[in-house]
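**Q** I'd like to ask some things about the structure below.
The values are calculated or read from the model by the stated rules, or taken from the named source; none is laboratory data. Every value quoted in this text rests on a predicted model; they were computed, and no experiment measured them. Methodologically, a virtual Cβ is constructed for each residue, glycine included, from the backbone with ideal geometry; neighbour enumeration extends over all protein chains shown. What goes into the accessible areas is simple: the full protein's heavy atoms, side chains included, and nothing from ligands, DNA or RNA. Shrake-Rupley method; radii C 1.70, N 1.55, O 1.52, S 1.80 Å.
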Amino acid sequence: MSKIIFGSVVAIFCCNSLLAVSADIIFFGGDILTIDERQPSVEAVAVKDGRILFAGSQHQAFSYKDETTQSVDLQGKTMLPGFIDAHTHILAMEILRTSLDLSPLTHPDFDDILKILKDAAAKGPVTAFGYDPSLMKKTGELNFQTLDAVSMDTPILVVNKSGHIAYGNHAAFAAAGVDDSTPDPIGGSYQKKDGKLTGVAFEVPPIVRLLSSSPAMKGADYDKMAEEAARWYARNGYTTITDLGLGLPIPKPLEDIEYLRKAVHASDAAVRIQGYLVYPFLDHFKEIEKLNDDRFRLLGVKIWSDGSLQGHTGALEKDYKDVHSEGKLNYSQSELDEMVLTAHKQGIQVAVHANGDKAIKDTLHAYEMALKASPAEDPRFRVEHATLADKKLLKKMVSVKATPSFTPLHIYYYGEVFEHQILGKARAEEIDSGKSAQDVGLKFSYNDDSLGILNPLELVQIAVTRKMLDGAVLNPEERISVEEGLRCMTIYPAWQTFREKDLGSIEKGKFADFVLLDKNPLKVSPDKLKEIKVLQTWLNGKPVDWGISVK
Ligand SMILES: [Zn+2]
């Protein structure tokens, strides 16, 4: 439609707007995908006071136009509700993202890793991230022996790509005050051999302790980190992000919440932030919850029931294929049951990290027990990752009112390794079973877990194609449609976080949080989804400044 003709349309409908409320902005002129099943696409959207006033025909939208209304011509581009990140770790991601990179994709050789660490240690204490022996061509072991050989005096701390294992030299453990007599914290452990530390730590609590004394965290500018992280997510198309580890990882407990709240309350805020408090801070929940508003929201508590499958710490029903071990549960069944019930009884939503089938089974048992002891209509119990959930476990999720948030990078990065090495073909094919989850009636989300793929459309691409690093497809039966994939990045995570009245689709009354893409995801080949560019995001109807400092 030419501008001249368009002008006359505006003139005509201006006259009809005398009785109507006037819009602040009207979006038109592109593909607008609403993720609202009642009207999946619309011609135009009118916004008033940060909320959607109308979504429907261009004709009707312009009846809300007066001389103060701004018109935004989308010029053939595609607008969707802003993407919702279902599970990430905002400040942890920022700390690790800016740490020394040891990703196996760029550094597949163990000797190369040691050389990089040596060069870095010559300049000062080292914090590195991304190390992952399961994807390396030539591996060795990072521990006191190998890392002390790199440096005896300079602290070196390496965090596994999964975030569930850390490796340090003696200097790094000493800097954190951890020695052979240090007891294991609840929910984690320091590996020991004959009563002596080995330089390896498992799970979040000990890793956080080791990280806290690292140069990456000491003296870090957390205000800046929170702001930069928010803009980084916005640039990837997100308008709401969900932190599954509030309370961590800043040296002073709960301090992270202050930084994140400040970032989203700035006049030029880039995203909304919501999150789950790590369980040990449960007693602070009600007090922090009082601060909830539209920009920052505390939703529930987070528990880790196991580790990661690629690190052999995910808890399985049967041994790993390549190791004589069933992995590691962080809690006994009765401990987990009690933790879940304690929060649930107070009406607090619970999210449990569970990768292995045994961890998922225990988690669902805890949810079942909690529901028995304290019935609830709609608890939306979350299962984080739910990686190895077969059809039986997915059905069980329905019966205990649970909802999974899958991490599809397990398919892409680890599919091959799971298939041939770690799990074997039968179990590998069951990971991230999107189609089965859909078939049993679950609503679920896809997340990046801040582990490497922040692009929401790349997550959809993996879920839709189930293609692995080598291009082979991991169990085509579990592929889902692009439409379902888009719901998993918008309305379903909105629902999982009790925000569906405000977020997740373009519908009257919801927040005017949008993302503009250069192509329509429904009109490109699924293999090209990740190439779609994010052009702009809007929060409350205001264009978001992505910032110049974004990397
Ligand atoms: Zn996580």
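**Q** What order do 153, 527 take when sorted by accessible area (1.4 Å probe), most exposed first? Write down the numbers at each step before the final one.
**A** Values: 153 135, 527 65 Å².
The residues order as 153, 527, largest area first.
**Q** Between segment 476-551 and segment 104-163, how many Å separate their Cα centres?
**A** Comparing the Cα centres of segment 476-551 and segment 104-163, I get a distance of 36 Å.
**Q** Here is a further query. So which aspartates and glutamates can residue 443 reach, going by Cα to Cα under 17 Å and dropping same-chain residues fewer than 8 places off?
**A** Straight-line reach from residue 443, under 17 Å: 36, 37, 85, 377, 378, 384, 390, 432, 478, 483, 484, 500.
**Q** Over what distance in Å are the Cα centres of segment 168-212 and segment 19-91 separated?
**A** 51
**Q** Have a look at segment 100-212 and give its Rg and Dmax from the Cα atoms, expressed in angstrom.
**A** 13.0, 37
**Q** Label points 7 Å out from Cα along the Cβ direction at residue 37 and residue 530: separation in nm?
**A** Computed distance between label sites residue 37 and residue 530 equals 3.0 nm.
**Q** If you don't mind, there's one more thing I want to ask. Report, in degrees rounded to the nearest 10, the 0 to 90 angle that the Cα long axis of helix 333-345 makes with the longest principal axis of the chain.
**A** Value to nearest ten degrees: 30.
**Q** Right, something else. With only Lys, Arg, Asp and Glu charged, each at its Cβ (+1 for the first two, -1 for the last two), find how big the charge dipole of segment 240-501 is about the Cα centre; round to the nearest 20 debye. Could you put the intermediate results ahead of the total?
**A** Details: 33 positive and 40 negative charges, 115 e Å.
Using Cβ point charges on Lys, Arg, Asp and Glu, segment 240-501 gives about 560 debye.
**Q** Here's a follow-up. What are the extents of the Cα atoms of segment 240-501 along their three principal axes, in Å, largest first?
**A** For segment 240-501, the Cα extents along the three principal axes come out at 48, 43, 37 Å.
**Q** Also: Given a cut-off of under 8 Å on Cα pairs at least six residues apart, what relative contact order in percent is computed for the chain?
**A** On the way: 1225 pairs, mean separation 86.9, N = 551.
So the answer I get is 16 percent.
**Q** Another question, then. Can you pull the percent of Cα pairs in the chain with separation above 40 Å?
**A** On the way: 36902 of 151525 pairs.
Distances greater than 40 Å cover 24 percent of the Cα pairs.
**Q** About the Cα centre of the chain, what is the dipole size in debye to 20, counting +1 per Lys and Arg Cβ and -1 per Asp and Glu Cβ, all else neutral? Present the calculation step by step, with values, prior to reporting the outcome.
**A** On the way: 63 positive and 76 negative charges, 150 e Å.
I would put it at about 720 debye.
**Q** I'd like to know which of 105, 171, 150 lies farthest towards the positive end of the charge dipole of the chain, counting +1 on Cβ of Lys and Arg and -1 on Cβ of Asp and Glu.
**A** Final value for the positive-end residue is 105.
**Q** Then there's this: Please report how far the C-alpha centroid of segment 364-410 lies from that of segment 431-462, rounded to the nearest whole angstrom.
**A** 15
**Q** From the cross-link list 192/328; 252/358; 138/218; 395/523; 290/510, which pairs have alpha carbons spaced over 24 Å apart?
**A** Numbers: 192/328 15 Å; 252/358 34 Å; 138/218 33 Å; 395/523 33 Å; 290/510 22 Å.
Long pairs (Cα-Cα over 24 Å): 252/358; 138/218; 395/523.
**Q** If you stretched the chain out fully between residue 265 and residue 518, how much longer would it get, using 0.36 nm times the residue separation minus the C-alpha to C-alpha distance? Spell out each step's value before the answer.
**A** Numbers: separation 253, 0.36 × 253 = 91.08 nm, distance 2.91 nm.
The span from residue 265 to residue 518 would gain 88.2 nm if fully extended.
**Q** Further question on the same structure: As a check on your grasp of the helix formula, calculate [θ] at 222 nm for the chain: sum -39500 (n - 2.57) over DSSP H runs of n ≥ 4, divide by the residue count, round to the nearest 500. List each step's numbers first, then the result.
**A** Details: 19 runs with 171 residues, N = 551.
Counting only the DSSP helices, I get -9000 deg cm²/dmol.
**Q** Hey, another quick one. Given the peptides 44-57, 473-486, 411-424, arrange them by the average over their residues of other C-beta atoms within 10 Å, most packed first.
**A** Details: 44-57: 20.5, 473-486: 18.6, 411-424: 22.1.
Going by the mean number of other Cβ atoms within 10 Å, highest first, we get 411-424, 44-57, 473-486.
**Q** Report, to the nearest whole %, how much of the accessible area of the chain belongs to carbon and sulfur atoms, 1.4 Å probe, protein only.
**A** Values: 11510 of 21760 Å².
Of all accessible area on the chain, carbon and sulfur atoms account for 53 percent.
**Q** Right, here's the next one. Can you tell me the accessible area per residue over the chain, all protein chains present, probe 1.4 angstrom, in square angstrom? Please list the in-between numbers first.
**A** Numbers: 21760 Å² over 551 residues.
Heavy-atom accessible area per residue stands at 39 Å².
**Q** Just want the answer: with Cβ charges of +1 for Lys and Arg and -1 for Asp and Glu, which residue in 93, 279, 23 is farthest toward the dipole's positive end in the chain?
**A** Result: 23, furthest along the dipole toward the positive end.
**Q** Separate question: Using +1 at the Cβ of each Lys and Arg and -1 at the Cβ of each Asp and Glu in the chain, identify which of 81, 185, 217 lies farthest towards the dipole's positive end.
**A** 81
**Q** Heavy-atom accessible area of residue 495 with all protein chains present, probe 1.4 Å, nearest 10 Å²?
**A** The accessible area comes out at roughly 50 Å².
**Q** Quick one: pull the percentage of alpha-carbon pairs in segment 43-168 with a separation above 18 Å. Walk me through the numbers on the way to the answer.
**A** Details: 5063 of 7875 pairs.
It works out to 64 percent of all Cα pairs.
**Q** Extension gain residue 254-residue 71, at 0.36 nm per residue separation less the Cα-Cα distance, in nm? Mind dumping the intermediate values first?
**A** Working: separation 183, 0.36 × 183 = 65.88 nm, distance 4.25 nm.
Here the answer is 61.6 nm.
**Q** A follow-up question, please. State to the nearest 20 debye the size of the charge dipole of segment 100-212 about its Cα centre, where the only charges are +1 on K and R beta carbons and -1 on D and E beta carbons.
**A** Working: 10 positive and 14 negative charges, 19 e Å.
Using only the charged Cβ atoms, the result is roughly 100 debye.
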